[in-house]
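Heads up: the structure comes next, in structure tokens.
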Amino acid sequence: MNFSPIISPKDSHKTTPAIALFGGGGKTSLLYQFGKDLSFKDQKILLSSIVKAGPSPYFQFHFAHPSRPIQYLFDKDNPIYIMKEKIRNDKYIGFESDELIPWLNDVDICLFEADGARDLPLKAHHQYDPILPSYTTQAIIVIGADAVNTKLSDGKIHRPGLFKEMWNMSTDSLIDVKLITEVTTTKKGYLAKIHESIEKTYFINKADAYPQNAQRLAESIAHQNCGSVYFGSVKEKWWKKAS
């Protein structure tokens, strides 16, 4: 199933779509899937990151400097995946947010990872975590359904100590649909990093393994009217829109 319909089309002002993948629970896998699906549409697709990233099993990394052109890279690859620097075999440094700007006019769509969650489905954001850049046209907020009805002691939360403090909970408190909805749809939580002018789209991942929890969470978030909400499985390559 093609995931590209989740991305909003280019607007009438011809602004290059700059799509931020944000949150946890599969956003790197979703980035790869978007790259594969969109590259079949005869468009130039740029994949990148404003945080650190691990190696990709699907795309070759290219290293680039913001002052240099990247169009020639499309002669061999599409999408192209660019990073700033390799620091070890399993870790690469992404760009400062404004360093992606020079390339936006050279591509049809730019997709980039905007924060890290260490492969966990839910997280707490530090004050020093980057705010989504102003040129972002759409934030796709990814949440893993495997966080629903767990406890902090279950190890599903990135930065559990900060999460506990922010949401005034104990180690044994239940991380239920209501709490996750509040975490991901309020200015106290995820939206502190996303300006209100940026279009927001939610994707609840791992619905193949947790179908009921994924649908319940998606419907709860949809009722907040923060943006479009989808649930599905990047692994199994399917999605549905929540009502």
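The values are calculated or read from the model by the stated rules, or taken from the named source; none is laboratory data. If you're wondering where the values come from, they're calculated on a predicted model, not measured in any experiment. All Cβ positions, glycine included, derive from the backbone under ideal geometry; neighbour counts span all protein chains shown.
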Conditions: (1) out of contact with any helix residue (DSSP H, G or I) (no Cβ under 8 Å at 6 or more places or on another chain); (2) hydroxyl-bearing (Ser, Thr, Tyr); (3) without any contact (Cβ under 8 Å) to a residue 40 or more places away in the chain. SER67 meets all but one. Number of the miss? (1)
Name the single residue that is nearest to PRO5 (Cα to Cα) among those in the range 61-118 being among the β-branched types (Val, Ile, Thr) and in a loop (DSSP other than H, G, I, E, B). VAL107
If a residue must be farther than 25 Å from PRO5 by Cβ, among the small types (Gly, Ala, Ser) and free of Cβ contacts under 8 Å to residues at least 40 places away in the same chain, how many such residues does the range 50-60 contain? 1
Would you call ASP90 over 28 Å from HIS125 (Cα atoms), out of contact with any strand residue (DSSP E or B) (no Cβ under 9 Å at 6 or more places or on another chain) and modelled with pLDDT under 95? no
Being touching a residue at least 12 places away in the same chain (Cβ under 8 Å), touching a Gly at 6+ places or on another chain (Cβ under 9 Å) and part of a loop (DSSP other than H, G, I, E, B), is that true of even one residue in the range 34-49? no
Between residues in the range 171-194 that are more than 18 Å from PHE231 (Cβ to Cβ) and residues that are of a type in the set (Gly, Ala, Ser) and part of a helix (DSSP H, G or I), which pairs lie under 6 Å by C-beta distance while being six or more apart or on different chains? THR171/SER153
Within the range 70-86, tally of residues that are surrounded by 11 or more Cβ atoms within 10 Å (Cβ to Cβ) and free of Cβ contacts under 8 Å to residues at least 12 places away in the same chain: 1
Just to be sure, is PRO121 of a type outside the set (Gly, Ala, Ser), under 16 Å from LEU47 (Cα atoms), touching a Gly at 6+ places or on another chain (Cβ under 8 Å) and at pLDDT 95 or above? no
Hey, can you tell me all the residues within the range 47-82 that are modelled with pLDDT under 95, closer than 20 Å to ARG118 by Cα and hydroxyl-bearing (Ser, Thr, Tyr)? SER56, TYR58
